[in-house]
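Colleague: Starting off with a structure, shown below.
The values are calculated or read from the model by the stated rules, or taken from the named source; none is laboratory data. Here the structure is a predicted model, which is why all the values come from computation and not from measurement. Quick reminder, even Gly has a Cβ in these numbers, built from the backbone with ideal geometry, and neighbours come from all protein chains shown.
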Amino acid sequence: MDNEQVYRSYAVELTRYATGLVGPFDAADVVTDACLNAFSSRKWPEVTNPRAYLYRAVLSVATDHHRSTLSRRMREMKTAGPESTQAQEIDIDVLRAVERLSMQQRAAVVLTYWGDLPVESVAAHMGVSSGSVKRHLARARKHLEEWLS
């Protein structure tokens, strides 16, 4: 299968995944960057599971994107002031809490709860063991409970 066919095969599900990681406005760009990076990688011709490789690539690009935009978004929310965010205060608190999760924890949460995937599938997508996924989920739930209570 050539790169265009690979992209067409997985673009929709990768965009859904990226949306959970970085939000709807940046998801398509993250997927595009991840695919371009993957396709230009020296390892790409040897990849036996392109789907899993692309999921890991999206996670990597999303992590970089998250690092570069988190502080800017926080400054923007603070600048907006309480009167402009008062109606959505709970949503902003949840957003802030989710953004505080590590990218690995966020990926596990998105794939498990939003993607409705079993732990084994999440592990395959993330390129980690099932035990790692369970640890990421447990830590994410613990952090979200602490931060939102």
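Colleague: State all residues of the stretch 1-43 that are in contact (Cβ under 8 Å) with a residue 24 or more places away in the chain and basic (Lys, Arg); if no residue qualifies, say none.
Modeller: 16, the sole residue that qualifies.
Colleague: Could you please find all residues in the stretch 91-127 being over 17 Å from residue 62 (Cα atoms), free of Cβ contacts under 8 Å to residues at least 24 places away in the same chain and not acidic (Asp, Glu)?
Modeller: Within the stretch 91-127, 92, 113, 117, 118, 119, 121, 123 meet the criteria.
Colleague: Do you know which residues across the stretch 1-37 are farther than 26 Å from residue 99 by Cβ and assigned to a helix (DSSP H, G or I)?
Modeller: 3, 4, 5, 6, 7, 8, 9
Colleague: Let me ask you something else. Name the residues in the stretch 40-61 that are out of contact with any Gly (no Cβ under 9 Å at 6 or more places or on another chain), of a type outside the set (Val, Ile, Thr) and buried (at least 17 other Cβ atoms within 10 Å of the Cβ), would you?
Modeller: Scanning the stretch 40-61 gives 50, 54, 57.
Colleague: How many residues does the stretch 14-36 contain that are out of contact with any Ser or Thr (no Cβ under 9 Å at 6 or more places or on another chain), crowded, with 16+ Cβ neighbours inside 10 Å and either over 23 Å from residue 116 (Cα atoms) or among the acidic types (Asp, Glu) (or both)?
Modeller: Here the count works out to 3.
Colleague: How about the stretch 121-149: which of its residues are in a helix (DSSP H, G or I), small (Gly, Ala, Ser) and either under 18 Å from residue 54 (Cα atoms) or modelled with pLDDT under 90 (or both)?
Modeller: Within the stretch 121-149, 121, 123, 124 qualify.
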